Amino acid sequence: MRDGTRVIRAGLPGFAQGEPFLPGPTFANPYHLAGDPSSSPYSYGRYHNPTWTHFEQALSELEGGSAVIFASGMAAITAVFSCVLRPGTVLVMPSDGYYTARMLAEGYFATLGVEVRLASTAGDAQMERLEGATLLWLETPSNPGLDVCDLAALIAAAHQQGALVAVDNTTATVLGQQPLASGADFSVSSDSKALTGHGDLLLGHVATREPGWAERLRAFRSQQGAVPGPMEVWLAHRSLATLDMRLERQSTNALEIARLLASRPEVQSVRYPGLPQDPAHALARRQMKHYGPIVSFVLEGKIQAERFLGACRLILQATSFGGVHTTAERRARWGGDAIPDGFIRLSAGCEDTQDLLDDVTQAFATMSTGGEKHP
Ligand SMILES: Cc1ncc(COP(=O)(O)O)c(C=O)c1O
C-alpha cells in the first residue's frame, strides 16, 4: 500500500460487526481487574490505555518500528535522553536545532555530568565530533534554519564509533523521511506539529526497532508519569488519516511561497529545501519524499519583519508550525537561535495556493505604504 492509503488504515483494529472503524477515546483510570494483574491488557491509566494502543499501532506501522507515545515532543526527547545518557556519557547534537532540546541538554543533562557537544547541521559538521560519543542527535531539516544533513552517512559514522543515533523527525514527519529505514536507533517526533496538523493538541512519540529500548521507554513513561490524555491521542489518530494529503498541499504551498519570496527585492535570503537553488536541495531531494511546510526568509531587520507580519491578512501570526492554517513569526523574538532580527519562519498550511500568494504580495505592498494592521 502507498502512503495515502497507509495513513488512512494505520492502527485501525479491523472488521468487527457493528463497531466503529476507529473506537472512540477510552477515559479510564482503573479497569475491572480481579486477581492476577497480568491476566488483563489494561489495569491502570498511567500504564496503558486502549486509545494509546491503537495510535501506537498506527505509528509503529508507519515508522517500521515500535512506537511509544508521550504527552509532548519534549517529553519524548526527555525520555530518550533519560534512558540513554548517564554521567560521563557524550551527547552530540545540532547547534542549530530546536532550541528547547538544546536547553534541556545544556541546562539539565550537562549538570548531571553528560558532556554535550554542539555542531551545525549544514555540512554534516557533527561527523567531526563523534569520537567517544554515546548518542548522536540529528534534526533534519533543522528548525528554524532548514539545513539538511546526510542521515545515512552520519548514522553509519556514529555506529562505527559505537554511538546510538536519534533523529528528531518533526519537521519532515514519517512520510517525509524514514529515520529507522536509514538505520537510526530512534525516530523522535513532536506530533503537535505536521503529523497531526490541526493545531489543537500536544503529543510526541519515539519509535525504535529494538524491543528492549521500547520497553525501557514505556517504563520511563509510566514511572515519570506525565502521560498523554486519551482525547488528544484519539484526535491525533483521526488527524493522521489526512497526513499525506496535507503534506502534499503544504509542500506545494511552501514551494510556491518560497519562489515568490525569492523574486522579491525586499527579501535578503530564502531557505526551503524544495527550492532548486537552495544549498540543501540536492541532499534533500535524495533523502526526502516531501520537503514539508516550513519556509524561512530574511527581511532587512526587525521593523521590516514586523511590518510584513502585521500586513498579512490570511497568514496568522503564531509560533509552532505544520498546521492546516498558514502561520508566520519573527523568530528572533524568542531569542536563543543564531538568526538575524529580520528572520521569519513561515509554515505553509492547506489554504488555496493563490490566496496565500496574493496575501504575501499584498503584505509587501501594504508594508511599503505603511498601512499594516499591527505594525
Ligand atoms: C524540531 C522540534 N522538536 C521538538 C519540539 C518539541 O515539541 P513539543 O512542543 O510537542 O513539546 C519542537 C517544538 O517546536 C520542534 O520544533
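Read-outs throughout are calculated quantities, based only on the coordinates presented, and are distinct from any laboratory measurement. Source: prediction; values computed, not measured. With ideal geometry, Cβ positions are generated from the backbone for all residues, glycine too; neighbour counts draw on all protein chains shown.
Over the C-alpha atoms of the stretch 132-191, what are the Rg and the largest Cα-to-Cα span, Dmax, in Å?
My reading of the Cα-based Rg and Dmax gives 10.8, 32 Å.
Tell me, rounded to the nearest percent, the portion of alpha carbon pairs in the stretch 1-153 spaced more than 18 Å apart.
Everything past 18 Å amounts to 70 percent.
What does the helix-only formula give at 222 nm for the chain: each DSSP H stretch with n ≥ 4 adding -39500 (n - 2.57), the total divided by the residues, and the result rounded to the nearest 500 deg cm²/dmol?
Per the formula, -10500 deg cm²/dmol.
How many nm is it between the label spots at Thr100 and Ala152, if each spot is 7 Å from the Cα in line with the beta carbon?
If labels sit at Thr100 and Ala152, their model points lie 3.4 nm apart.
Assign one of three labels to the stretch 76-214, namely rounded, prolate or oblate, based on the Cα gyration tensor with a ≥ b ≥ c the square roots of its eigenvalues; rounded applies when a/c is under 1.5, prolate when it is not and a/b is larger than b/c, and oblate otherwise.
Rounded is the answer for the stretch 76-214, as its axis ratio a/c remains below 1.5.
Sketch the reach of a paramagnetic label on Ser320 as a point 7 Å from Cα along Cα-to-Cβ, and name the residues of the stretch 336-351 whose backbone nitrogen lies under 19 Å away.
Output list for this probe position: 345-351.
Taking loop as defined by DSSP and a crowding limit of 16 other beta carbons within 10 Å, which trypsin sites (Lys or Arg not before Pro) in the stretch 1-80 fit?
Those that pass, being in a loop and sparsely packed, are Arg2, Arg46.
At R0 = 25 Å, how high is the FRET efficiency between Gln354 and His198 if r is their beta carbon distance? Nearest 0.05 is fine.
Taking R0 as 25 Å, the efficiency between Gln354 and His198 is 0.65.
How big is the Rg/Rh ratio for the stretch 155-289, C-alpha atoms only, Rh by Kirkwood, two decimals?
Using only Cα positions, Rg/Rh for the stretch 155-289 is 1.03.
With N set to the residue count of the chain, report its C-alpha Rg divided by 2.2 N^0.38 Å to two decimal places.
Here the Cα radius of gyration is 1.01 times the empirical estimate.
In what order do Ser72, Ser222 fall by count of nearby beta-carbon atoms within 10 Å, going from fewest to most?
Fewest to most other Cβ atoms nearby, the residues stand as Ser222, Ser72.
Throw me the Rg/Rh for the stretch 225-375, computed over C-alpha atoms with Kirkwood Rh, two decimals.
That ratio is 1.00, to two decimals.
How charged is the neighbourhood of Leu299? Take every other residue with its Cβ under 11 Å from the Cβ of Leu299, and add Lys/Arg as +1 and Asp/Glu as -1.
0
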